[in-house]
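Since every read-out is calculated from the coordinates, none of them should be taken as a lab result. No experiment lies behind these values; they were computed from the predicted model shown. Neighbour counts are summed over all protein chains in view; Cβ atoms, including those assigned to glycine, are modelled from backbone coordinates with ideal geometry.
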Amino acid sequence: MNTLNLANLGFAWLPLLPLIAVAVGAAIILLVGVRLEDEDSAGLGILALGVLLVSFVCTLFTIGVNAEAFGGALLTDDYTAFFEIVIQAAAAISVALSLDYAADNGLAGAEYYSLVLFAVLGMMLMAAAGDLIIVFLGLETMSIAVYALAGFVRREARSSEAALKYFLLGAFSTGFLLYGIALIYGATGTVHLDGIRAAIVARAASQPYLELGVGLMVIGFGFKVAAAPFHAWTPDAYEGAPTPITAFMATGVKLAAFASFVRVFMIYLGPAAAQWSGVLWVLAALTMTVGNVVALVQDNIKRMLAYSAIAHAGYALVGMTAAGSAAAVLYYLVAYAFATLGAFAVVIVLERRATAGLRIADYRGLAQTRPGLAAAMTLFMLSLTGVPPLAGFVGKLYVFAAAVDSGHVPLVVIAVINSAISAYYYIGVIVAMYMQEGTPEIEPSGASPGVLIGVAIAALAVVLIGIAPTPYMNAARDAFAAAAGPPAQATAFAR
Amino acid sequence: MTPLNYFVVLSAVLFVIGVAGVLLRRNVIVMFMSIELMLNAVNLAFVAFGRQLGNAEGQVIVFFAITVAAAEAAVGLGIIIAVFRNRMTLNADELKLLRW
């Protein structure tokens, strides 16, 4: 019989270990879950945290190893490692937020945590994709798991309605993305990102197909990152989904979608930038404005944070219109992710069954009853507004400065006006907590250790990343440089 | 050999019919069927381009796309059943517990 010689497969195993760890871990949790009652779901959550930790340690070993696997289908460079670490952190905090939430709401732990891990696998695949098929497969692995998670509280009409809306519009957008991939394949003759770039540089691509394909891919990614006018699903899905999953959707899904979006467009479709940067300009302006203006009138905190998530996708898109600002986008996404995770963690503490405790009015007087929690929420709101010295401020500074450098002054003016508008609703929460009288009733179960640790880590990250931004910005720069290839190659493409 | 353009035009027409179905029909199951039609239109485009270019990538992607569509159908129909049990309706206009 033939023996399978793995060495002949021609790829290094090491850079794939973070992905393998998550996939195996998800399967183990499903198997272990069979032996457990649903009440023990917190134990499975701890196991999921362990899996994420193992995957994180594996990722640490891949830093600096700029390799590729499966003939370039997976790129395991520092760019992948950067997003893997942020996605693992977002997932770990989401799992920590879920520990008591899942048990209290009677959610089956095995399916819940393994779906979270399968979604993480899809997200990591999206970050690592070197090939449009992997972009598609990663996106779907992530999305299908998250559709199920959004509707996980099956008997709750709001949860299943949220899942249905997310599913229908998500599948709809997948159709656009896949058609875009098909047309780009038809135009360039390959689905390999490297080959696509080479075909564009050599002007060997058939123009009408390429332009249409790029346009359709913008629509597909626009849905996933929740850019206006493709954002209609976002507030409904975020409001109806279980809150820890909302936190996961607002951070993990968005990070992964941007990881792929930035890599595909800014690096590999970069030579065709003239065809898409104008579209992104309009998309960015529209997304920021719609997100911020509609957020003003929200009275439900989950909906308000959903529109805030839309607005922040707009700020990140501002960075994508500027050729030199990819690193700023990466930094911005990290700052956004921690502030949003923290804000949703506070929402979980105040949330009670049957959707009570979700109005912004329910936050009145929180500063008296829970001063620590109110202080943390203030940090997150200020960071999302962009107040120095917090992470959100530095992120906006980097993104806007890069956009000004590449001559997008009108767009930055729109962005700054939008930041000013956003201050109104973010600070509205702070005013409610500190200056208005009220008696928020908090069930002790809402303030579980997992949630409080999540709040603390997010608050620490928002402050640290803001006060000492240099190491994180350098990591983002290195990551992007690794993805863009060695400098010699970069200049060759610039010519 | 049938020219490539015939296939591309047919796939574009099918795709547009699918998009129109999602946007115009209000029954959730019919909307979902329209999405499947969109995906199959894309599959036709992949196969046609693959044949024209003479490489196998186009055919291979179709297998991935079919598999993904099947997984999506499994989860999607499960969600639709959960919604129907809760609400006893599949009309998209009546699902406005969350403001659409």
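Some points to look at:
- Inverse mean reciprocal Cα-Cα distance (Kirkwood Rh) of the range B:4-87, Å: 13.9
- Here the range A:127-205 is described by how far its Cα atoms reach on the three principal axes: 56, 21, 13 Å, from widest to narrowest.
- Between residue A:34 and residue A:436, full extension at 0.36 nm per residue minus the direct alpha carbon distance yields a gain of 139.8 nm.
- Loop sites here are trypsin sites (Lys or Arg not before Pro) outside DSSP states H, G, I, E and B with no more than 13 other Cβ atoms within 10 Å. The longest part of chain B free of them is B:27-95.
- Per residue, chain A reaches -24500 deg cm²/dmol at 222 nm when only DSSP H runs of four or more residues are counted, each adding -39500 (n - 2.57).
- Sorted by Cβ density within 10 Å, fewest first, the residues A:61, A:338: A:61, A:338
- More than 31 Å apart - percent of Cα-Cα pairs taken over chain A: 40
- Under 13 Å of direct C-alpha separation, and excluding same-chain neighbours fewer than eight residues apart, residue A:224 reaches these aspartates and glutamates: A:140.
- Per-residue average of Cβ from other chains inside 10 Å of B:85-93: 2
- As a rough footprinting exposure proxy, the listed residues A:225, A:297 were ranked by other beta carbons within 10 Å of their own, and the order from fewest upward is A:297, A:225.
- Span-rule helices in chain A, defined as complete DSSP H runs reaching 24 Å or more along the axis (Cα) with Kyte mean at least -1.0: A:17-34, A:41-62, A:78-104, A:109-128, A:132-150, A:157-188, A:207-224, A:273-295, A:301-320, A:326-350, A:409-435, A:449-467
- Residues A:233, A:13, sorted so that the one with the fewest Cβ neighbours within 10 Å comes first: A:13, A:233
- Taking Cα centre as origin and charging only the Cβ of basic (Lys, Arg, +1) and acidic (Asp, Glu, -1) residues, the dipole magnitude of chain A rounds to 800 debye.
- Size of the range A:276-485 from its Cα atoms: along the principal axes, largest to smallest, the extents are 52, 33, 27 Å.
- Packing rank of A:163-175, A:473-485, where each peptide gets the mean count of other beta carbons within 10 Å, highest leading: A:163-175, A:473-485
- Alpha carbon convex hull of the range A:27-158, volume per residue in cubic angstrom: 103
- Counts of other chain beta carbons within 10 angstrom of each beta carbon in peptide B:73-80 average 6.
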